[in-house]
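The structure appears below as structure tokens.
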Amino acid sequence: MATTFKQSAPGQPTAINDPNSFGMGYEYSRTGNPTRGAFERGVAAAENSKYCITFSSGSAATSAVIHMLSHGQNVLCVDDVYGGTQRYFRKIVSPSMGINVDFIDFGDLNLMERTIEEKEDKTKLLWLETPTNPTLKITDVRAVSELAHRHECLLAVDNTFCSPYFQSPLELGADIVFIALRNISMDIQMLSWVLFVSMMRNYTRN
């Protein structure tokens, strides 16, 4: 359970073949270490995910995904998203980063399609929460994932309410999945979040 590791040379990752490093090895303890890697790999198994990244909070996980986008691009977000996420999108992402966010009903696939087309291919990310917090609105993840990929968009799903026990969005076509660890540990004081991705290119971008 050590968090230290030996490097063969300065700046050279070690233990690239360690499965807990997801093929990246260990170079700097803050970006990855054997203890954290073992935890991430174990949690990834619960979500049937190839890759997993842990964060100290939901805000950190959300920010990491948003930073995959560029100025001028667009996010399509479910209209009943968690209040903290909505405020972050409205008060920080849109005005400070120049990334537009449209909040719409994800139960209306035709509306989603029209909104994406109106943005002239600027939409790069669909942000879904199902069930939503707090009204428990349900969305068809597979249908939304098919729409997202048809327009070459990423689909991120907040799976906190269901947890991997009841729902596996990656298996339904999602590209990125979040969960709050408190819903797995049943410890309300635990603030850490984990982010799951199914493809290496999305893992390395975070």
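Residue under question is residue 41, and the condition is that it be without any contact (Cβ under 8 Å) to a residue 40 or more places away in the chain, open to solvent by 40 Å² or more (accessible area, probe 1.4 Å) and closer than 30 Å to residue 97 by Cα; does it hold? So residue 41 fails the test.
Residue 50 fulfils the conditions (1) in contact (Cβ under 8 Å) with a residue 60 or more places away in the chain; (2) out of contact with any Leu (no Cβ under 7 Å at 6 or more places or on another chain); (3) open to solvent by less than 50 Å² (accessible area, probe 1.4 Å) except for a single criterion, (3).
Residue selection: residue 135 fails the criterion of being closer than 17 Å to residue 60 by Cα, modelled with pLDDT of 85 or more and assigned to a loop (DSSP other than H, G, I, E, B). Checking each residue in the range 88-103 for being of a type in the set (A, V, I, L, M) and within 14 Å of residue 119 (Cα to Cα) picks out 99, 101. When the range 138-160 is filtered for residues that are open to solvent by 20 Å² or more (accessible area, probe 1.4 Å) and either assigned to a helix (DSSP H, G or I) or farther than 11 Å from residue 174 by Cβ (or both), the ones remaining, listed by number, are 138, 140, 142, 143, 146, 149, 150, 151, 152. Restricting 153, 162 to residues that are among the hydrophobic types (A, V, I, L, M, F, W, C) and farther than 18 Å from residue 110 by Cβ narrows the list to 162. Scanning the range 161-177 for residues that are modelled with pLDDT under 90 and crowded, with 20+ Cβ neighbours inside 10 Å returns a single hit, 164. If you go through the range 66-112 one residue at a time, how many are farther than 23 Å from residue 146 by Cβ, assigned to a loop (DSSP other than H, G, I, E, B) and either open to solvent by less than 20 Å² (accessible area, probe 1.4 Å) or among the aliphatic types (A, V, I, L, M) (or both)? Residues meeting the conditions: 1. Every listed requirement among (1) touching a Phe, Trp or Tyr at 6+ places or on another chain (Cβ under 9 Å); (2) closer than 25 Å to residue 172 by Cβ; (3) loosely packed, with under 13 Cβ neighbours inside 10 Å is met by residue 56 save one, (2). Within the range 113-132, restricting attention to residues that are part of a loop (DSSP other than H, G, I, E, B) and free of Cβ contacts under 8 Å to residues at least 40 places away in the same chain, which residue is farthest from the chain's Cα centre (by Cα)? If we take residues in the range 113-132 being part of a loop (DSSP other than H, G, I, E, B) and free of Cβ contacts under 8 Å to residues at least 40 places away in the same chain, then 120 is farthest from the chain's Cα centre (by Cα).
The values are calculated or read from the model by the stated rules, or taken from the named source; none is laboratory data. As the structure is a prediction and not an experimental result, all values here were calculated from the model. Reconstructed Cβ throughout: ideal geometry from the backbone, glycine too, with neighbour counts over all protein chains shown. To get the accessible areas, we keep the full protein, side chains included, count just its heavy atoms, and leave off ligands, DNA and RNA. Shrake-Rupley method; radii C 1.70, N 1.55, O 1.52, S 1.80 Å.
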